[in-house]
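Engineer: Have a look at this one before I ask anything.
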Amino acid sequence: MSAHASVQFGLAVAGGVGTRMHTTGRRQTMNVRVLMVVALLMTIPALVPLVPERVGAQAASFHIVSDGTAKYSYTEEQDWETLGFDDSAWPFVVAPSAGLCDPEPVPPGAPEPIWGEDPQEFQTIFVRKTFTLDAAATASIIACADDDYDLFINGVFIGGNHDGVAGCDLYTNVPLRAGLNVLAMRVVDVVGVCQSLSFDVFPPPEPPANDDVADAVVIPALDFTDMRDTRGATTAPDDPGSCFGGTNVWYAFTPSEEMIIRLSTAGSSYDAAMDVFVSSDGGLSHTDLCAFGQLDFVASAGTTYYFMVSSPSFFGGDLVFAVLDLGAPLQITLSLNATGSFDPKTGVATVGGTVGCNVPGFVFDVNGTLQQKIGRVLLTAQFSTGGFECTPPKTAWSATAASPNGLFTGGKASLSNVSTSACNEGSCDDASISGPVTVKLSGKKQ
């Protein structure tokens, strides 16, 4: 596999034990993939590995990771993945793997990527790691492989990925027994170049208090910022459909007046996605507002908005979620001057008016049609201007119009289908006058 091969989280696997979380997100390098694992380890204390690794009576303290105490073989043997198999003749793995594509040091606390001696392209490796628990427990497991793999606990198939793309998967609700346990992985380097695998076994983190929409954090006023650990966040069967999926936490806010709201996850340790919902027929209805990082929208007074902040990778991390008041949305008006001018030499007319605004905004355009009847000829010209700032309460505009079938002259003319549009940081508005509106053109003879 190339040094910058894509990493894809696979789809859920039917059969096996536990629950496999999945995403459609992609990573660009193996090093980035390892960093995703680091995010989950921030709150889990590192333990000194033993052979077999033993964990004390507090089940919540166990932490089993890939390291140099695992054993391997390049040859598949009968019942190699089971507890009863004798691996005493197998050598210890090399940690970190010499087949890594990214030679940077492994970040502190991250599981070491491992492989056997003399890694070769297209190898298949069989790895075992034994450990002992003083009590039965339920675990979460992150399995990473370059490329395809199968994961077993105590001889029972947990899951795997066979899409030929290096990646990581999160499995939850995996049962571990009191006493001796064995984690076993079969990994195949399908593409070549890189050879590595890693695993991390840890107690499931506690779900955040706002893990369910019924427990959404009610935001009392803006501006609002919340920081929390979302590594234990879950999905619920009744979660409404969202743009990105993944584990999620919830917030709710009801503005007392119309305002522009900004949602932001800047400063979070992971790529957090945001979806906006409103109540509808006893449930939640998606507003079609969703984004990563930052989302601005106009909120109506008295409407309760529900914000789903999700982790499409299913891993979560340290969330920083801010809801900010950007002020009143932009509202504009359009007016037309009753008089205009013309150049007798060129026949070019000039018309104008004002764009009114309640808050500053950028006017993209003012467009319209100018007509004047001279004898039996109806002169028609389109005019356009724009690209200026509207400063409250109003800003003047002017535009020139030249007809292809004659020269404008002094006297009455008409303006019709005049429109304008403008935006500021969080909102847009438009205004129009269909007309016709009479305008008197005047000018000096040259």
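The values are calculated or read from the model by the stated rules, or taken from the named source; none is laboratory data. Values in this document were obtained by computation on a predicted structure and should not be read as measured data. FYI the Cβ positions are ideal-geometry reconstructions off the backbone, even for glycines, and counts take in every protein chain you see.
Engineer: Tell me, which strands (runs of 3 or more DSSP E) lie completely within segment 143-230 with 3 or more residues that are among the acidic types (D, E)?
Structural biologist: none
Engineer: Here is a follow-up. Spot the failing condition for G99; the list is (1) surrounded by fewer than 21 Cβ atoms within 10 Å (Cβ to Cβ); (2) among the small types (G, A, S); (3) touching a Cys at 6+ places or on another chain (Cβ under 8 Å), and only one is missed.
Structural biologist: All conditions are met except number (1).
Engineer: If the requirement is being farther than 23 Å from T333 by Cβ and within 48 Å of the chain's Cα centre (by Cα), which of these qualifies: A401, A381, A396?
Structural biologist: Just a single option satisfies the conditions, and that option is A381.
Engineer: A follow-up question, please. Here are some residues: G160, G167, G192. Which one is in contact with a Phe, Trp or Tyr (Cβ under 6 Å, 6 or more places away or on another chain) and exposed (fewer than 15 other Cβ atoms within 10 Å of the Cβ)?
Structural biologist: G192
Engineer: Are any residues in segment 241-263 out of contact with any Ser or Thr (no Cβ under 8 Å at 6 or more places or on another chain), over 18 Å from G316 (Cβ atoms) and assigned to a loop (DSSP other than H, G, I, E, B), and if so, which ones?
Structural biologist: Within segment 241-263, G241, S256, E257 meet the criteria.
Engineer: Among the residues of segment 296-349, count how many are under 24 Å from V278 (Cβ atoms) and not aliphatic (A, V, I, L, M).
Structural biologist: Residues that pass the stated criteria total 17.
Engineer: Would a scan of segment 296-307 turn up a residue that is outside the structural domain of A422 (by TED's automatic domain parsing), under 31 Å from the mean Cα position of the chain (by Cα), buried (at least 17 other Cβ atoms within 10 Å of the Cβ) and part of a loop (DSSP other than H, G, I, E, B)?
Structural biologist: Among the residues of segment 296-307, not one is outside the structural domain of A422 (by TED's automatic domain parsing), under 31 Å from the mean Cα position of the chain (by Cα), buried (at least 17 other Cβ atoms within 10 Å of the Cβ) and part of a loop (DSSP other than H, G, I, E, B), which makes the answer no.
Yes or no, residue by residue, for (1) surrounded by fewer than 22 Cβ atoms within 10 Å (Cβ to Cβ); (2) without any contact (Cβ under 8 Å) to a residue 12 or more places away in the chain; (3) closer than 30 Å to E206 by Cβ; (4) in contact with a strand residue (DSSP E or B) (Cβ under 9 Å, 6 or more places away or on another chain):
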| site | (1), (2), (3), (4) |
| --- | --- |
| F321 | no, no, yes, yes |
| G327 | yes, no, no, yes |
| Q331 | yes, no, no, yes |
| S341 | yes, no, no, yes |
| G347 | yes, no, no, yes |
| T350 | yes, no, no, yes |
| T354 | yes, no, no, yes |
| G361 | no, no, no, yes |
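Engineer: So, of the residues in segment 224-259 that are touching an Asp or Glu at 6+ places or on another chain (Cβ under 9 Å) and over 26 Å from S280 (Cα atoms), which turns out to be surrounded by the fewest Cβ atoms within 10 Å (Cβ to Cβ)?
Structural biologist: M227
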